[in-house]
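First comes the structure, then the notes that go with it.
The values are calculated or read from the model by the stated rules, or taken from the named source; none is laboratory data. None of the values given here were measured: they were computed from a predicted structure. Here the Cβ positions follow ideal geometry from the backbone for every residue, glycine too, while neighbour counts run over all protein chains shown. When the accessible area is computed, the model is the full protein with side chains, heavy atoms only, and any ligands, DNA or RNA have been set aside. Shrake-Rupley method; radii C 1.70, N 1.55, O 1.52, S 1.80 Å.
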Amino acid sequence: EVISFSEADYEGVRLPHDDPVVVTLMVELFTMKRILIDSGSLVDILYKNAFGQLRIPVDQLKLVKTPLVGFTGEIVHPLGSIDLLVVAGKAPRQTKVQMT
């Protein structure tokens, strides 16, 4: 399902804009707040602290050998990747997506 914004959502916003979009989503039955949507990024990053709070066993991570370039230019070696169910919105306007 398409997530879109109405004219009312743009109230007070100067266009064009490049402000970050921050949302709250349900991830594996946990409500995660302050999720930054970065449309220029090629990966979805879940920080170790947030992963730990999901209480998913580390052995469910799949090995990832490709390093990432961090937000400040440093090289970051991910612990792995995992597929998680993400729910956006509330019924009847809700979508569920399996994300890596």
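State the percentage of accessible surface on the chain attributable to carbon and sulfur atoms; use a 1.4 Å probe and exclude ligands, DNA and RNA.
Within the chain, the accessible surface is 57 percent carbon and sulfur.
Order the peptides 19-27, 92-100 from the highest to the lowest mean number of other Cβ atoms within 10 Å of their residues.
Put in order of decreasing packing, that is 19-27, 92-100.
About its Cα centre, how strong a charge dipole does the stretch 15-100 have in debye, to the nearest 20, once Lys and Arg get +1 and Asp and Glu get -1 at the Cβ?
I would put it at about 340 debye.
Restricting attention to the stretch 26-100, which chymotrypsin sites (Phe, Trp or Tyr not before Pro) occupy a DSSP loop and are surrounded by at most 10 other Cβ atoms within 10 Å?
Those that pass, being in a loop and sparsely packed, are Tyr47, Phe71.
Principal axes first, then extents: for the Cα atoms of the stretch 7-99, list largest minus smallest coordinate on each axis, whole Å, largest first.
Principal axes ranked by extent give 45, 37, 18 Å for the Cα atoms.
Skip the ligands, DNA and RNA, and give the accessible area per residue of the chain with a 1.4 Å probe, whole Å².
That works out to 87 Å² per residue.
Which of the pairs Lys33/Lys65; Lys33/Lys62; Lys62/Lys90 have their Cα atoms more than 27 Å apart in this structure?
Flagged as over cut-off: Lys33/Lys65; Lys62/Lys90.
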